[in-house]
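Report on the following structure.
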Amino acid sequence: MKPIVSASLFALCFTAAHANLIQNGGFEVNTNPGANNGIDDSADGWTKFTEFSANSSPDVWDNNGVNGLPPGTSGYFSGFQAYGGTKFASIAGSPAQNNYVEGIESSFFNLAANTTYILSAAYAYSGSAPSGYNNAAPITARLRMVSFPSAVLTLLPANSLANTWQTSTYQFQVANAGVYSLILSAEGPVNNYLGVDDVALNPVPE
């Protein structure tokens with residue numbers, strides 16, 4: 001199993017032509033942004049990942065500030081736009097503050113044993129974030145089988161440029177067929193505030 005930093009044309013065409021196993025992978029549906037309109041918010045089909053930090057509070061951003069935070073709020077993602085559509089999610093991590101980890105967890109989907117799947121995502125870090133949260137950092141991708149503890153699948157490598165979307169893909173197999181969820185989390189190693197968009201998971205044809 002080998003990470004693929006640049007998605008091939010074939011993989012991109014295949015992903016576009018088949019149903020995404022990840023519900024609302026672009027975070028475009030956010031029917032309950034709450035009283036804070038995006039703060040401490042998970043888009044439809046996603047929940048907060050609390051395995052490491054019970055008070056994890058991911059956010060949802062909206063280019064138009066309608067069902068999510070407008071970019072630039074409190075200095076985060078100033079002048080930024082979603083990778084696709086108008087919305088994206090964000091997570092933060094702080095190893096300096098009791099190893100605080102924010103993450104988002106997808107709704108359940110089925111994986112078959114010994115079948116190759118390709119995970120793809122767009123992500124960025126906020127170079128304008130205050131309080132030292134303006135560092136590049138990888139995103140940790142995890143899988144959870146039903147209610148078992150999650151396991152690290154791969155690290156999506158840190159961006160080379162601030163406030164710039166980067167895409168990455170990763171191919172993998174699972175030994176046991178079953179019901180899984182995908183987790184994307186900010187686990188350091190430096191204080192960071194990361195945007196995530198266009199998450200997709202699909203089987204690769206033989």
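The values are calculated or read from the model by the stated rules, or taken from the named source; none is laboratory data. These numbers come from a predicted model, not from an experiment. Every residue, glycine among them, receives a Cβ derived from its backbone with ideal geometry; neighbour counts consider all protein chains shown. Heads up: the accessible areas ignore ligands, DNA and RNA and are worked out on the full protein's heavy atoms, side chains in. Shrake-Rupley method; radii C 1.70, N 1.55, O 1.52, S 1.80 Å.
Between a first residue in region 110-135 that is within 16 Å of Ala186 (Cβ to Cβ) and a second residue that is of a type in the set (Phe, Trp, Tyr) and assigned to a strand (DSSP E or B), which pairs have beta carbons less than 6 Å apart while being 6 or more apart in sequence or on different chains?
Going by the 6 Å Cβ cut-off, the qualifying pairs are Ser126/Tyr193; Ala129/Tyr193; Tyr133/Tyr193.
In this structure, is Asn135 open to solvent by 20 Å² or more (accessible area, probe 1.4 Å), closer than 17 Å to Val196 by Cβ, of a type in the set (S, T, N, Q) and touching a Phe, Trp or Tyr at 6+ places or on another chain (Cβ under 9 Å)? It would help to see each step written out before you state the result.
On the way: open to solvent by 20 Å² or more (accessible area, probe 1.4 Å): yes; closer than 17 Å to Val196 by Cβ: yes; of a type in the set (S, T, N, Q): yes; touching a Phe, Trp or Tyr at 6+ places or on another chain (Cβ under 9 Å): yes.
Yes: the conditions hold for Asn135.
Show me the strands (runs of 3 or more DSSP E) found entirely inside region 139-203 where at least 2 residues are under 23 Å from Gln81 (Cα atoms), out of contact with any helix residue (DSSP H, G or I) (no Cβ under 8 Å at 6 or more places or on another chain) and open to solvent by 20 Å² or more (accessible area, probe 1.4 Å).
The qualifying strands (runs of 3 or more DSSP E) are 166-172.
If you check Tyr76 against the conditions, is it open to solvent by 30 Å² or more (accessible area, probe 1.4 Å), hydroxyl-bearing (Ser, Thr, Tyr) and in contact with a Gly (Cβ under 8 Å, 6 or more places away or on another chain)? Can you show your working first?
Details: open to solvent by 30 Å² or more (accessible area, probe 1.4 Å): yes; hydroxyl-bearing (Ser, Thr, Tyr): yes; in contact with a Gly (Cβ under 8 Å, 6 or more places away or on another chain): no.
For Tyr76, the condition - open to solvent by 30 Å² or more (accessible area, probe 1.4 Å), hydroxyl-bearing (Ser, Thr, Tyr) and in contact with a Gly (Cβ under 8 Å, 6 or more places away or on another chain) - is not met.
(1) touching a Ser or Thr at 6+ places or on another chain (Cβ under 6 Å); (2) in contact (Cβ under 8 Å) with a residue 40 or more places away in the chain; (3) closer than 20 Å to Asn134 by Cα: which one isn't true of Ser74, the others all being true?
The single condition Ser74 does not satisfy is (1).
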